[in-house]
Every structure is written in structure tokens, then in C-alpha cells.
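S.K.: Before we start, here is the structure in question, set down as C-alpha cells.
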Amino acid sequence: MSSKERITFGDFQTPTSLAAETCDRLRRRCLRPASIVEPTCGIGNFLFEASRTFSTANSLLGADINQSYITQTADRFDDAGRSARIIQADFFRTDWAKTLAALPEPLLVVGNPPWVCNSRQGTIGAANLPTKANSNKMRGIDAMTGRSNFDISEWMISHLVEAVRDRVATIAMLCKTSVARRVLASAWKKDRPISRAAIYGIDSRAEFGVAVDACLLVIDLDSSAQRTLECSVYDDLSAKELAHSIGFRDARVTANAAYYDRWRSVLQGSPRPWRSGIKHDCAKVMELRGDATLLLNGYGEHVVLESDYVFPMLKSSGVVSNDPHTSDRWMLVPQRMVGENTGQIEERGPATWSYLQSHADRLKRRASSIYRGRPPFSVFGVGDYTFTPWKVAISGLYKQSRFTVVGPRAGKPVVFDDTCYFLPCANRSEAKRIASTLNDESAQQALSSLIFWDAKRPITAELLNRLDFEALGKDRYRAT
């Protein structure tokens, strides 16, 4: 296949060894399926290994859109003297509820659906997509900033869960760990009859040559059994010890169910809103290096600007280093609030205006649609809070939840890029008190119940805005 075809159809075959190890893990869960289905079977590694593992299964069904793979898989079963129905089918145009309803239960639906996002499909002009719908009720701004993007496998696995919601069935799929959590969240929100669930980590780099946190997601559904709102998490397929459990609490998936239950009372809202750093999407123009006498932009140009528009800056690395005052970074901030008229810069800061005009084409080419219809050179994540002298800050990217006190530098408030989050404070004393509370074990446990460290951005303003740090500052909430 060409590179485009491989992406379009998610054509990354499951190694035989991984398929066998997965099936052995399922066997140790005491499954006794009567039917085994692989909806995107490719060359049939999963279906073939499952047929060898589960002697109870008398009905085997494999489906794939690629006729060549269908032929290979059918020949493979014929050569082994095993009976299996292998059909050509487009997953997105197949009535899976009807197809699966014709099979005896318990069902085992197993596989490795494509690990590709709908936006990636769009960039290559691919049509192997489900019908698009705003099922998660995204706001316009969320769609514009990328939150409406989704993994194809998430849609496919969720669709299969819906197809077997009234059957005794097990869904076992290899996928990104973030996809597994979203599938569970969707099923729990819809009150689907999940009787047992587990996530087993896999080494995606070793198995598929990709650097992404991945797993085997296993969901058992049985409307006659007791439902669970927790999912056991294991480090790998061979693990005997439970690492922890994620859970569904207050209409969302929690990273650690035990910690969430313990600290639930202080996870109902922050007394003050956390803010994001400034979003400008043009670092080589807006971010500068140097000192007060010599500033250089990302193109190596010497830059002269009025001081009213230049502020000391920290990126995530500066916040994490816990030595923020040594930074030589600066940011050009053309607005004091979102939507402010930037035309006034021409009179108040002619040097700054000239510099912005010299890079106007680059700023106009910023890809995000949030800049459309805004004044020239606009930025986001800016307001009165941006310019408070004292702040408590944290990186959204690094895999640690350490909070740093950040004060003024060179007599000016420090600003952050949009990889950071911060809480504006009245003074140094308040900033130190809040940071101390947040770095205490109590707050760290509470936050860890919400943070998924494998996420691209583990810490967000939404997450921070769940924590009542004022309540945590009281002695009765100290961890023991």
C-alpha cells in the first residue's frame, strides 16, 4: 500500500505475537465466547489466534474493506482446516447491530481499529470516515481550537459498544489509552451495562513503531449483571498486580478513583479562575531573547520596541526549572485585553507598530480561525490578570504538578506562553501561601485523581479550576 492508503485504512497489521499475548490475557479473564468477531480483520491475526485460544467459539466472523486481505485470511483458515466466515465489508457502512444480533452469545469482538484522527484523514483527502456529527455538543470555539478532532478508533469502538449493548458481550480492542478512556466515558454517560472493564498497557513503540501511550481495552457488557463505574488499570498484558483503578465520578472519568473519592469534597470548584498564558501562534515574531539593550526575534533580527509593549516571559521550561528570574525571554504583547483595537499602537508605539507591520504577512498567515475577524496582530489569553505582578504558575506540558511562585522581573510583570497556567495573586505573601498549599501532599493527591499523565497536555485550566485550594489550606484536609 502507498503511505496515503495505509493512513486512510489504518493499515498497520497486529503482530502475531501481540495477538497471541492479547488472547492469552483474555483467556485468563475466564472468557468463554460462543462467537468471535474481528470487524477490521486485515490479514486476520487476531481472529486466527482467538480461534486457537477459545475452543468454545463455534462462530467466527472476520470483515475487512480490502479484498486482498479477505482472500489471504480465508485461505489461512482453509489451510488450517478451520471454519470461519470472512467477508468484505466497509465498517462505516455496515449495520453492526444487525450483523452481531445474528450470532450466538457470549460474543467476543476483538481487533485493532485504525489509530488515526479525522483531521489527518482530511489533510490527505481520505474518505474512510464515519458520518460527521457534533455528538459531543462542542461549542464553536472548541471546534475552532481543535477539540472537535477525534480518533477514528474512538468512533468505531463506541459504535461497537452500542451495537452489543443488549447482548452478553466483550469488546477487546487495541487503541490509544486516551481513546480507551473516552470510549468508557461515553458508555458510562449513556448508562450502558458495563459489568467489568480493564486497561492493559502495551509497548506501542516496540509493537508498531509509534510513540503513543497505548493499551488493550476490555469491556464486558451484560445487562443481567451488576454494573460497575470503575475500570482496572494494569501496566502490561502480563501484569498480575493492579496498578490503580480509574472511575466515573460526577459525569467524568477520574484518573484515580480511590483518590477522587477521598478528596471529592475539594474537587467541586476553584474559588478563583485559573488563566492560560498568551496565545499568539507566531513565536518567531512575538517572542524575543536578550536584555534591555539588545533584543533579537526568532529570525535573528535586532528589534527595537517601546517598553509598554514588551514583557518578561516564561515558557513551560522556565516555570518547571523553579528559577524563573534567570530567563532572558521577552514577549511582545500588543493588547491589554482580547479584542482591543490595535490601531492605537501606531500613535502610542510607532516603533512597535513599524515592527508589527514588517511582519504583518506572517501574522496574517496564522492558521487558527480564532484570529479571523479580529483586529490585526491580535492575541488571546490576555486581560487585567495577565499584568498582575505576582502569580502562581504551572506548566501544562511537563509530567509533574509542581507550582511555582513568579514575581516581577525588571520591574515588570512576567507573562507566560499558552503552555502555562497561572493564578493571579494580590501580593508575594498570598502567592507563597497558595503555592505551599498546592504543593502539599493533600493537593497533590487530589490533583492526581484528575490528571492523566499520558495526555498531550496533562494539566489544563479546566482541571485546575476543579480544585478548591482555599479549603485545602485548612488543617482538616491534610493528608495522612
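Bear in mind that the values in this text are calculations on the coordinates, not laboratory data. Predicted model only: the values in this text are computed from it and were never measured. Here the Cβ positions follow ideal geometry from the backbone for every residue, glycine too, while neighbour counts run over all protein chains shown.
S.K.: Within the P(r) computed for region 275-477, what percentage of the Cα pairs occupies the region above 21 Å?
M.R.: Pairs farther apart than 21 Å: 54 percent.
S.K.: Let me ask you something else. Check which residues have an amide H placed less than 5 Å from I246's amide H, if you skip close sequence neighbours.
M.R.: Those qualifying (amide H under 5 Å, at least 5 residues apart or on another chain) are C231, V233, A257.
S.K.: Can you compute 3J(HN,Hα) from phi for each residue in region 338-348, using the Karplus curve 6.51 cos²θ - 1.76 cosθ + 1.60 with θ = phi - 60°, rounded to whole Hz and x for Gly and Pro?
M.R.: For region 338-348, the Karplus-derived couplings read 4, x, 4, 5, 8, x, 5, 5, 4, 8, 7 Hz, x marking Gly and Pro.
S.K.: What are the ³J(HN,Hα) couplings of region 175-185, residue after residue, when phi is run through the Karplus curve with 6.51, -1.76, 1.60 and θ = phi - 60°? Round to Hz, x for glycine and proline.
M.R.: 6, 5, 5, 5, 5, 4, 5, 5, 4, 4, 4
S.K.: Can I ask one more? Two decimals is fine: what is log10 I(q)/I(0) at q = 0.07 Å⁻¹ for the chain, from a Debye sum with one equal scatterer on every Cα and no solvent?
M.R.: Log10 I(q)/I(0), no solvent term: -0.48.
S.K.: Based on the mean of other Cβ atoms within 10 Å per residue, sort peptides 199-205, 346-352 so the most packed one is first.
M.R.: Per-residue mean Cβ counts within 10 Å order the peptides as 199-205, 346-352.
S.K.: Around T40, which amide H atoms from residues at least 5 apart in sequence, or from another chain, sit under 5 Å from its own amide H, with H modelled in the peptide plane?
M.R.: Hits under the 5 Å cutoff: A63, N112.
S.K.: On to the next question. Share of antiparallel DSSP beta bridges in region 195-263, in percent to the nearest 5?
M.R.: Of the beta bridges lying entirely in region 195-263, close to 80 percent run antiparallel.
S.K.: Next question, about the same structure. Can you tell me the length gained on complete extension of the stretch D250 to Q13, counting 0.36 nm per residue apart and subtracting the Cα distance?
M.R.: Full-extension gain reported as 81.5 nm.
S.K.: Sorted by mean Cβ packing within 10 Å, highest first, what order do the peptides 41-52, 362-373, 327-338 take?
M.R.: Order by mean packing, descending: 41-52, 327-338, 362-373.
S.K.: Moving to a separate point now. Measure off 7 Å from each Cα along the Cα-to-Cβ vector at R372 and D95, then give the distance between these two points in nanometres to one decimal.
M.R.: Output for this residue pair reads 3.9 nm.
S.K.: Here is a follow-up. For K176, which lysines qualify as cross-link partners when the Cα separation must be under 22 Å and same-chain residues fewer than eight apart are set aside?
M.R.: Excluding near neighbours in sequence, the set is K4, K132, K189, K190, K240, K399, K456.
S.K.: By a straight-distance test (C-alpha under 16 Å), which aspartates and glutamates pair with K98 as possible cross-link partners, with residues fewer than eight away in the same chain excluded?
M.R.: Hits, sequence-local ones excluded: E38, D90, E162, D166.
S.K.: Any idea what angle helix 428-439 forms with the longest principal axis of the chain, computed on alpha-carbon atoms, 0 to 90 degrees, nearest 10?
M.R.: 10 degrees
S.K.: Still on this structure, please answer the following. How large is the helix-only mean residue ellipticity at 222 nm for the chain, computed as the sum of -39500 (n - 2.57) over DSSP H runs with n ≥ 4, divided by its residue count, in deg cm²/dmol to the nearest 500?
M.R.: Computed mean residue ellipticity for the chain: -8000 deg cm²/dmol.
S.K.: Report the label-to-label distance for E162 and S354 in nanometres (one decimal), using points 7 Å from each Cα along the Cα→Cβ vector.
M.R.: For the pair E162/S354, the computed spacing is 6.0 nm.
S.K.: Counting DSSP beta bridges with both partners in the chain, what percentage is antiparallel, nearest 5?
M.R.: 70 percent
S.K.: How would you rank 260-273, 74-87, 160-173, 419-432, highest first, on the average number of other Cβ atoms within 10 Å across their residues?
M.R.: Those peptides, ordered most packed to least, come out 160-173, 419-432, 260-273, 74-87.
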